[in-house]
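Below: the structure, in structure tokens.
The values are calculated or read from the model by the stated rules, or taken from the named source; none is laboratory data. Values in this document were obtained by computation on a predicted structure and should not be read as measured data. Virtual Cβ from ideal backbone geometry, glycine too; neighbours counted across all protein chains shown. Remember, those area values only see protein heavy atoms, side chains included, never the ligands or the DNA or RNA. Shrake-Rupley method; radii C 1.70, N 1.55, O 1.52, S 1.80 Å.
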Amino acid sequence: MILYIFRILAFLGVLSLFAFILLGPKASTSLSEDLALVQQQHAELTLQLDLDKNESNLALSGLYRKRVDYRDKEEEYLSEIKDLQGEVEGFTPRLELIEKQIKEKSDELSKLEKEISTARQPIDEIVIQIQPIEEKKKTIEKEKLRLQEALALVKRDAGQIENKFKALEVKRNLASDNFEEEHSRLMKGIKKPHHLYYAVDKEIVVANRAPSGKGIFVNNGYVDGFRDDMEFITRNENASSNVSFRLKATLVQKNFSFLKFMDQLQVRDSSFAPEGQTLILTRSGQLKEEWNQVEQNITLE
């Protein structure tokens, strides 16, 4: 239809042009040029007409294809509708059964509600009795929460103190290590004499006890720094008592010495220095001289 309209309009346009050229007040003197111009316009209109025709054909083809697609979809939807109708018809007996079961359960629920209402009466009385207990429980829970918060604060303070203690312990260990290193360095530069210093430790082994029990014999003498009248203090953790006791060198030879007990407890109890026992002796000052000095100071005062 559109194609025919375009053709008629084009034909009328050409006729109008010819009429204007031949009958117009100002007719052209060069008819050949006008005719060529008209033919050119006619060719352009014909070309445009063909293009419009092609576009119209493409549009019609698209419409035909869409119509086929719509028919296919329509048939598909109709098939699905039939299937759904069949499923709905199949669900109808089931729905009736479910509605019947719902009615039965509703009746049963009403019956249970009546029974619960009857049974709730003693429960309500119990709830009234429980209320004071619940209040007490809330109070205890608040107190527990307060105590937990206090405990958290105490733990925090304890943690801070523990951290400070650890820091101080680290400083102490560092100072102790520095002291030991410095002490060792200084001691290496000191030329020791041939006898033991005061407060110097010496490890000995009891070779034998005197038959009287008054002392012990050791295989250490002059070469080990022992001298006559030196006094020592030691302790034996395996003895009947782990208190410290004193010894005095009364006989010193090159590789042999006799150390006398300065307390009768060690004379009577052999567990303090049995044969084969290892002891650590620490040279100490003379006890008698110390007591004499104290007595002199008291007399002078």
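Give me the pairs, please: first residue somewhere in the range 257-271 and closer than 14 Å to A207 by Cα, second residue anywhere and open to solvent by 40 Å² or more (accessible area, probe 1.4 Å) and not in a strand (DSSP E or B), beta-carbon distance under 8 Å, and either six or more positions apart or on two chains.
That search, which allows pairs on different chains as well, returns K260/K214.
Quick test for you: out of R235, R227, pick the one residue that is basic (K, R), at pLDDT below 95 and open to solvent by 70 Å² or more (accessible area, probe 1.4 Å).
Working: R227 fails: open to solvent by 70 Å² or more (accessible area, probe 1.4 Å).
Sole residue among the options that is basic (K, R), at pLDDT below 95 and open to solvent by 70 Å² or more (accessible area, probe 1.4 Å): R235.
Mind checking which residues of the range 238-282 are acidic (D, E) and touching a Ser or Thr at 6+ places or on another chain (Cβ under 8 Å)?
The answer is D269, and nothing else.
Check E182 against each of (1) modelled with pLDDT under 85; (2) acidic (D, E); (3) within 24 Å of the chain's Cα centre (by Cα) and name the one condition it does not meet.
For E182, the failing item is (3).
Would you say V200 is surrounded by 10 or more Cβ atoms within 10 Å (Cβ to Cβ), touching a strand residue (DSSP E or B) at 6+ places or on another chain (Cβ under 8 Å) and of a type in the set (A, V, I, L, M)? Spell out the reasoning first.
Working: surrounded by 10 or more Cβ atoms within 10 Å (Cβ to Cβ): yes; touching a strand residue (DSSP E or B) at 6+ places or on another chain (Cβ under 8 Å): yes; of a type in the set (A, V, I, L, M): yes.
For V200, the condition - surrounded by 10 or more Cβ atoms within 10 Å (Cβ to Cβ), touching a strand residue (DSSP E or B) at 6+ places or on another chain (Cβ under 8 Å) and of a type in the set (A, V, I, L, M) - is met.
Which of (1) surrounded by 18 or more Cβ atoms within 10 Å (Cβ to Cβ); (2) of a type in the set (A, V, I, L, M); (3) under 57 Å from the mean Cα position of the chain (by Cα) is the odd one out, the single condition V243 does not satisfy?
Status for V243: all satisfied but (1).
Can we say S32 is more than 30 Å from I8 (Cβ to Cβ) and modelled with pLDDT of 75 or more?
In short, no.
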